[in-house]
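Enquirer: Quick one: the structure is below, questions incoming.
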Amino acid sequence: MTRFLMVGRRERAVVLLLAGPLLFLLCFFYIPLAQTLWMSFWERGVFTLDNYQQALSSALYLNAFAWTFELAFFTAFLTLIVGYPVAYAMSTSGPRLRLFILICIIIPFWTSALVRAFAWVGILGREGIVNSSLMYLSIISSPMQLVFNPTGVFIGTVHVMLPYMVLCLYSSMHSIDRSLIRAAETLGAGRIRSFLLVYVPQTAPGIISGLLLVFIVSLGFFITPAVLGSNQRPTVVVLVERHMGVLLDWSMAAALSSLLLATTLVLFAVFNRYVRAGHSAPELQGAEAISLYRMVAKIDRGLGAIRAPLRRWRSDRPGRRWRFRGPAPSFLTLIAILISAIVAFPILLIVLVAFFPSTSNTIDFSNFSLEWFELYFTRAEWVDATLNSFRIALLTAVLASVISLVTALGLRRLSPGIRTALMSINLAPMIVPAVAYGVSAYFLFAQLGLIGTTLSLIIGHTILAIPPTMLVMVAAVQSLDERLEDAAASLGASPWRRLRYVTLPLLAPMAVVSALIGFLTSFDDLAVALFLASSRAKTLPKQMYDSMLHDSDPRVAAASAVLVGFTIVALLAMHLLRSRSRTKIS
């Protein structure tokens with residue numbers, strides 16, 4: 001309180017302006033989380049630690065936690081292995097190839113995880129593309145079990161998490177000085193060795209950030225383990241949903257959610273401390289690069305025993321010796337193109353399945369038909385779910401973008417310390433697993449009698465949409481040229497007129513981009529809708545999830561194509577508005 005009184009009048013006014021958004025987060029995010037923690041200690045009106053004792057001693061829950069951590073751990077390293085060539089190609093290739101890779105990565109990134117999981121069922125299923133192709137080539141005689149087991153979960157989770165890793169790696173790669181590699185080559189290092197011993201160690205910050213980020217997000221991931229996994233090996237978030245929806249054991253669900261949330265917050269604290277340390281003390285990142293260099297150098301020395309005989313064998317061969325044409329890492333570019341195509345393939349597949357249907361959820365190019373769309377648009381519950389999702393997403397987009405705009409304008413006028421604290425408060429919903437927040441929101445809205453209402457879904461989705469929309473608006477506000485506002489002030493414009501006629505018109509395109517991001521966040525959500533939706537207010541992802549669990553409904557393919565269409569249209573609109581915003585600001 002003393003610090004608040006010591007700041008200037010202008011900062012106090014801004015903090016009071018931000019009271020509304022902060023109060024919204026307090027009531028509908030922080031208080032529900034605290035309530036969930038409190039409920040986990042109560043069983044039939046008696047304060048007890050039995051839920052935590054059971055969660056930490058029962059084989060069922062211990063195996064679930066072990067499987068959750070195993071999934072997150074291997075997903076992080078698999079995305080690193082698969083994503084490194086993609087990020088390298090993005091940072092070194094020309095604009096056309098970079099655009100191709102970016103499109104292949106970004107469209108799946110913004111496409112519903114439920115749609116991607118459904119696509120992988122069609123690819124890896126017993127009658128899917130993989131098994132059908134292998135049997136056609138006589139490689140296998142009977143279909144392999146590739147889904148509803150750990151294999152399918154790993155494949156689906158890596159596919160969802162890959163864009164996170166690629167973006168982290170690319171952020172550290174695009175600033176690397178390529179002249180260092182050329183210098184290593186002039187000193188006698190081959191192209192491959194200079195790449196491994198000079199280039200790779202410099203990407204250590206991106207590698208560590210990507211591993212931590214993917215690991216944290218994978219811990220709370222729900223859709224892929226629920227759709228592609230098996231009931232015999234559930235993750236923690238699947239158990240939480242089962243306790244809430246099937247067993248009605250709310251106190252145990254609260255305890256599991258609290259344990260998962262605590263684990264996530266601890267890991268995020270480590271991640272945040274690393275990032276801050278890297279920015280404030282770059283020498284720490286240099287130490288990480290040196291450590292990675294030493295590890296790679298040991299591997300390189302170990303391979304020396306193999307490399308020397310190979311060189312002698314090549315020198316003894318008569319005729320022309322084979323050499324690399326162009327830089328050796330160009331092989332990584334070919335791998336990156338293949339990986340990018342594979343990442344985008346499930347999205348393309350689900351659209352083709354909807355327009356070229358067959359009896360086995362595969363593609364029949366001789367049978368172009370709109371039959372599944374006709375079934376989709378003539379069934380009342382599917383149309384109602386789509387319209388509900390659209391209304392909820394539209395209102396969520398407006399509310400989240402307004403909150404983000406007000407907060408971004410307020411943060412601009414605050415001191416760095418207060419700005420950092422308020423940004424952390426507003427970005428916290430991005431850290432919390434969506435299922436954990438869904439459980440908390442259920443407890444709150446059940447007390448208010450709002451379960452199964454549109455209002456509860458709008459509020460819950462707004463909480464999820466605030467962090468991504470906030471990041472967009474804060475970046476847009478920081479890029480404004482303050483000289484334009486100063487010029488308006490020198491001409492006698494009041495603060496309100498400067499805001500109305502200068503600031504808001506410049507921010508309008510990015511505000512619409514922010515709203516579109518909020519729209520997509522709401523339209524694709526399943527984790528919160530699982531707990532807050534009902535037959536009266538069911539969203540499209542919830543309708544799809546119920547249909548996928550209970551039967552093989554062809555309308556799921558049509559609904560998936562609709563979701564993909566919405567995503568592509570929204571991304572194109574965001575690109576155009578972002579270009580317009582840059583033109584206005586420049």
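The values are calculated or read from the model by the stated rules, or taken from the named source; none is laboratory data. Not measured: the values here are computed from a predicted model. So basically every Cβ, Gly included, is an ideal-geometry build from the backbone, and we count neighbours across all protein chains shown. Please note that ligands, DNA and RNA were not included when accessible areas were found on the heavy atoms of the full protein model with its side chains. Shrake-Rupley method; radii C 1.70, N 1.55, O 1.52, S 1.80 Å.
Enquirer: Among (1) touching a residue at least 60 places away in the same chain (Cβ under 8 Å); (2) within 23 Å of ALA421 (Cα to Cα), which single condition is ALA34 missing?
Expert: That leaves (1) as the condition not met.
Enquirer: Inside region 551-586, can you point out the residues that are modelled with pLDDT under 80 and of a type in the set (Ser, Thr, Tyr)?
Expert: SER552, SER579, SER581, THR583, SER586
Enquirer: Just one of the numbered conditions (1) at pLDDT below 90; (2) out of contact with any helix residue (DSSP H, G or I) (no Cβ under 8 Å at 6 or more places or on another chain); (3) surrounded by 13 or more Cβ atoms within 10 Å (Cβ to Cβ) is not true of GLU70; which one?
Expert: (1)
Enquirer: Going by the structure shown, is PHE368 touching a residue at least 12 places away in the same chain (Cβ under 8 Å), open to solvent by 50 Å² or more (accessible area, probe 1.4 Å) and in a loop (DSSP other than H, G, I, E, B)?
Expert: yes
Enquirer: Could you run through region 93-135 and say how many residues are at pLDDT 85 or above and assigned to a loop (DSSP other than H, G, I, E, B)?
Expert: Residues in region 93-135 being at pLDDT 85 or above and assigned to a loop (DSSP other than H, G, I, E, B): 0 in total.
Enquirer: Moving to a separate point now. Looking only at region 149-189, count how many residues are in a loop (DSSP other than H, G, I, E, B) and modelled with pLDDT of 85 or more.
Expert: 1
Enquirer: Further, regarding this structure: Of the conditions (1) under 26 Å from the mean Cα position of the chain (by Cα); (2) open to solvent by less than 10 Å² (accessible area, probe 1.4 Å); (3) of a type in the set (Val, Ile, Thr), THR503 satisfies every one except a single condition; which number is it?
Expert: For THR503, the exception is condition (1).
Enquirer: So SER57 ticks every box in (1) assigned to a loop (DSSP other than H, G, I, E, B); (2) within 23 Å of VAL200 (Cα to Cα) but one. Which box is left unticked?
Expert: In the conditions (1) assigned to a loop (DSSP other than H, G, I, E, B); (2) within 23 Å of VAL200 (Cα to Cα), SER57 misses (2) alone.
Enquirer: Here's a follow-up. Say whether the condition of being of a type in the set (A, V, I, L, M), over 17 Å from LEU349 (Cα atoms), within 23 Å of the chain's Cα centre (by Cα) and open to solvent by 10 Å² or more (accessible area, probe 1.4 Å) is met by at least one residue in region 549-565.
Expert: Among the residues of region 549-565, not one is of a type in the set (A, V, I, L, M), over 17 Å from LEU349 (Cα atoms), within 23 Å of the chain's Cα centre (by Cα) and open to solvent by 10 Å² or more (accessible area, probe 1.4 Å), which makes the answer no.
Enquirer: Suppose the filter is of a type in the set (Val, Ile, Thr) and either closer than 30 Å to LEU334 by Cβ or open to solvent by less than 20 Å² (accessible area, probe 1.4 Å) (or both); does ILE31 pass it?
Expert: It is false that ILE31 is of a type in the set (Val, Ile, Thr) and either closer than 30 Å to LEU334 by Cβ or open to solvent by less than 20 Å² (accessible area, probe 1.4 Å) (or both).
Enquirer: Moving to a separate point now. Take region 381-415 and flag every residue that is small (Gly, Ala, Ser) and surrounded by fewer than 20 Cβ atoms within 10 Å (Cβ to Cβ).
Expert: Result: SER415, single match.
Enquirer: Let me ask another. On the given criteria, is ARG419 assigned to a helix (DSSP H, G or I) and farther than 29 Å from LEU540 by Cβ?
Expert: yes
Enquirer: A further question on this structure: Could you tell me whether SER142 is modelled with pLDDT under 85 and open to solvent by 10 Å² or more (accessible area, probe 1.4 Å)?
Expert: yes
Enquirer: Taking region 449-476, which residues are part of a helix (DSSP H, G or I), open to solvent by 10 Å² or more (accessible area, probe 1.4 Å) and modelled with pLDDT under 90?
Expert: Answer for region 449-476, where residues must be part of a helix (DSSP H, G or I), open to solvent by 10 Å² or more (accessible area, probe 1.4 Å) and modelled with pLDDT under 90: PRO468, LEU471, VAL472, VAL474, ALA475.
Let's see how each residue does on (1) more than 20 Å from VAL353 (Cβ to Cβ); (2) open to solvent by less than 40 Å² (accessible area, probe 1.4 Å); (3) of a type outside the set (Phe, Trp, Tyr):
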{"position": "VAL86", "(1), (2), (3)": "yes, yes, yes"}
{"position": "MET90", "(1), (2), (3)": "yes, yes, yes"}
{"position": "PRO95", "(1), (2), (3)": "yes, no, yes"}
{"position": "ARG98", "(1), (2), (3)": "yes, no, yes"}
{"position": "ILE103", "(1), (2), (3)": "yes, no, yes"}
{"position": "PRO108", "(1), (2), (3)": "no, yes, yes"}
{"position": "SER112", "(1), (2), (3)": "no, yes, yes"}
{"position": "ALA119", "(1), (2), (3)": "no, yes, yes"}
{"position": "ILE129", "(1), (2), (3)": "no, no, yes"}
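Enquirer: Another question, if that's okay. For region 533-546, enumerate the residues that are surrounded by fewer than 19 Cβ atoms within 10 Å (Cβ to Cβ) and either in contact with a strand residue (DSSP E or B) (Cβ under 7 Å, 6 or more places away or on another chain) or polar (S, T, N, Q) (or both).
Expert: SER534, SER535
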